[in-house]
Amino acid sequence: PSGTAGRAPGPPDGGWGWVVVFGAFVSIGFAYAFPKGLAIFFKEIQDFFGTSYSEIAWVSSIMLATTYGAGPVSSVLVNRYGSRPVVIFGGLLCGIGMVSAAFCTSILQLYICVGFITGFGLALNLQPSVIIIGKYFLKRRPIANGLAMAGSPVMLCTLAPLNQVLFDNFGWRGSFLILGAILLNCCVAGALFRPIGAATVSIKTQVTEEGKDALKEEITKDAMEMSSPTNVPMETKTEEEGRKDCCERINQYLDFSLFKHRGFLIYLIGNVLMFLGFFAPIVFLAPYAKHIGIDEYSAAFLLSILAIVDMIARPTTGIIANSKWVRPRIQYFFSFAITFNGACHLLCPLASGYTGLVVYSIFFGLAFGMVCAMLFETLMDLVGAARFTSAVGLVTIAECCTILLGPPIGGTLIDTFGDYKYMFIKCGAVMVLAGTFLFIMNYYNYRMVAKEEKERKAKEEDPKSVRTENEDRNNWKKETIRDGPELEPLREEREGLKKEVNGT
């Protein structure tokens, strides 16, 4: 029917959506786990190129920062072309980057191939996978997000021992070639992302834009044919409309009005601070185990333990977050998870032997899974599904700076003091600070939202405020009528322009 033409259907909350969750499970798993799994090769690459801890840490940092920093580009591409082609193209970039890295002869070339090219490919996998889940699910969205985010620990659990086996048999160059081929599976995952109502909406948008362009051309032509005194203001008006149209076109892809959203700003500041210590402990966990004399396979197994616990924690956290007791105040739960994560890092230096590191890996996996399962769900809870695409892009580009600096700062502390404990203490302190900040500011935000809602309801129920608004509107109309004779020539001229445009 013509009344429903161009209208996108609502989230089905099931059906093909579970196939989409599986595709997102694979895509998100590679995007998050792959930079961490590469830590297995760092000690050997460091010896091969003769670099320091901080220099080799830049490989993971650049990859993670590019994955997050390219968020706005990924969001714009998703808004323009949809999730499916963006993920398929991202998978191709990942494969090209890792195959190229197998032939690198310097650490700088590794930064470019592994850091930038593969990192950008992973960005094109991460954002569309998170976005399309919000289009397929509403009521079961926390559970769907938890299941999709569980792809990261599953992939990490698989990649950590696999990378060690590949290195023992093929060296780091041969391993990079094989990993490049494995990453092409992201293209298969992207093929599962069937769009919802994308075609009709895009056609409708195209027709609307063509109509706008035709009207603008006609108005400009009429302005040029008019007399000299009125020609100058019309030109100014056309330029202003052009600038406004440019801003509207940018806002169509990235909604910068989110920076006026109080909850979004609180989330942004807390997450930027948190990511300064979020990834460094995973990057240095296996090298730390080797440093204290643990063999290579046991060190790699620590990442597998972390990943197994993480795998269980993410869906469980999604189910808890979807409950009627937690979901209305999910921001508090997120703040607790960040603080718990930081406390684990602060206690890590007490673990001197392998048993202590196993216990640390278990608690770290639990805390890490809780944070990751709610990372995007809390953002969607704040801004809503309609503005979520823009919000993800803006958040990730802000987070990329601290993601980029986190592991190298940790590597610098290790190089300076010759001990890993200062790196873990730094990461723990930063995350505890971020969790405390989010808890306090979310308490303030919830109070302000409740107060504003109460004032709005009181204003709607109060008849005096409605009467005052009507009186103001009537007074404005009277003033307009009073100035009528003076503005009559301009009003007639405007009506004539309107008729000409409507005629065309």
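The values are calculated or read from the model by the stated rules, or taken from the named source; none is laboratory data. Everything numeric in this text was worked out from a predicted model, so none of it was measured. Here the Cβ positions follow ideal geometry from the backbone for every residue, glycine too, while neighbour counts run over all protein chains shown. Note: accessible area is taken over every heavy atom of the protein model, side chains too, but ligands, DNA and RNA are not part of it. Shrake-Rupley method; radii C 1.70, N 1.55, O 1.52, S 1.80 Å.
Within the range 362-387, restricting attention to residues that are assigned to a loop (DSSP other than H, G, I, E, B) and open to solvent by 40 Å² or more (accessible area, probe 1.4 Å), the residue that is farthest from Met423 (Cα to Cα) is Ala386. For the range 89-110, a residue qualifies if it is out of contact with any Leu (no Cβ under 8 Å at 6 or more places or on another chain) and buried (at least 20 other Cβ atoms within 10 Å of the Cβ), and the qualifying residues are Gly97, Leu110. In the set (1) in a helix (DSSP H, G or I); (2) at pLDDT 85 or above; (3) within 18 Å of Leu404 (Cα to Cα), Leu276 fails one condition alone, (1).
The set of residues in the range 310-361 that are outside any helix (DSSP H, G or I) and surrounded by fewer than 16 Cβ atoms within 10 Å (Cβ to Cβ) comprises Ser323, Lys324, Trp325, Ser352, Gly353.
Note on the range 167-189: among residues that are at pLDDT below 85 and surrounded by 16 or more Cβ atoms within 10 Å (Cβ to Cβ), the one that is farthest from the chain's Cα centre (by Cα) is Phe167.
Among the residues making up the range 275-304, those that are more than 14 Å from Leu159 (Cα to Cα) and under 26 Å from the mean Cα position of the chain (by Cα) are Phe275, Leu276, Gly277, Phe278, Phe279, Ala280, Pro281, Phe284, Leu285.
Remark: Leu38 falls outside the filter, which requires a residue to be assigned to a helix (DSSP H, G or I) and at pLDDT 85 or above. Return yes when Thr402 is over 23 Å from Tyr32 (Cα atoms) and in a helix (DSSP H, G or I) and no when it is not. No; evaluated as a whole, the condition is false for this residue.
For Cys157, the conditions (1) in contact (Cβ under 8 Å) with a residue 24 or more places away in the chain; (2) open to solvent by 10 Å² or more (accessible area, probe 1.4 Å); (3) within 23 Å of the chain's Cα centre (by Cα) are fulfilled apart from (3). Do the conditions hold for Leu375, that is, is it within 29 Å of Ala289 (Cα to Cα) and in the same structural domain as Met274 (by the TED database)? For Leu375, the condition - within 29 Å of Ala289 (Cα to Cα) and in the same structural domain as Met274 (by the TED database) - is met.
Among the residues making up the range 71-88, those that are open to solvent by less than 10 Å² (accessible area, probe 1.4 Å) and modelled with pLDDT under 80 are Gly71, Ser75.
Might you let me know whether the range 404-415 holds any residue that is among the hydroxyl-bearing types (Ser, Thr, Tyr) and open to solvent by less than 60 Å² (accessible area, probe 1.4 Å)? Before the answer, list the steps.
So in the range 404-415, the residues among the hydroxyl-bearing types (Ser, Thr, Tyr) come out as 412.
From what's left, open to solvent by less than 60 Å² (accessible area, probe 1.4 Å): none.
Scanning the range 404-415, I find no residue that is among the hydroxyl-bearing types (Ser, Thr, Tyr) and open to solvent by less than 60 Å² (accessible area, probe 1.4 Å), so the answer is no.
Taking the conditions (1) under 22 Å from the mean Cα position of the chain (by Cα); (2) surrounded by fewer than 22 Cβ atoms within 10 Å (Cβ to Cβ); (3) of a type in the set (A, V, I, L, M) in turn, Ala450 satisfies each one other than (1). Taken over the range 16-45, residues that are touching a helix residue (DSSP H, G or I) at 6+ places or on another chain (Cβ under 9 Å) and open to solvent by 20 Å² or more (accessible area, probe 1.4 Å) amount to 7.
This table checks each residue for (1) under 14 Å from the mean Cα position of the chain (by Cα); (2) not polar (S, T, N, Q).
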site	(1), (2)
Met374	yes, yes
Thr378	yes, no
Val383	yes, yes
Gly393	yes, yes
Thr396	yes, no
Glu399	yes, yes
Thr402	no, no
Pro408	no, yes
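What are the residues in the range 136-154 that are open to solvent by 20 Å² or more (accessible area, probe 1.4 Å) and under 14 Å from Phe30 (Cβ atoms), if any? Matches in the range 136-154: Val154 only.
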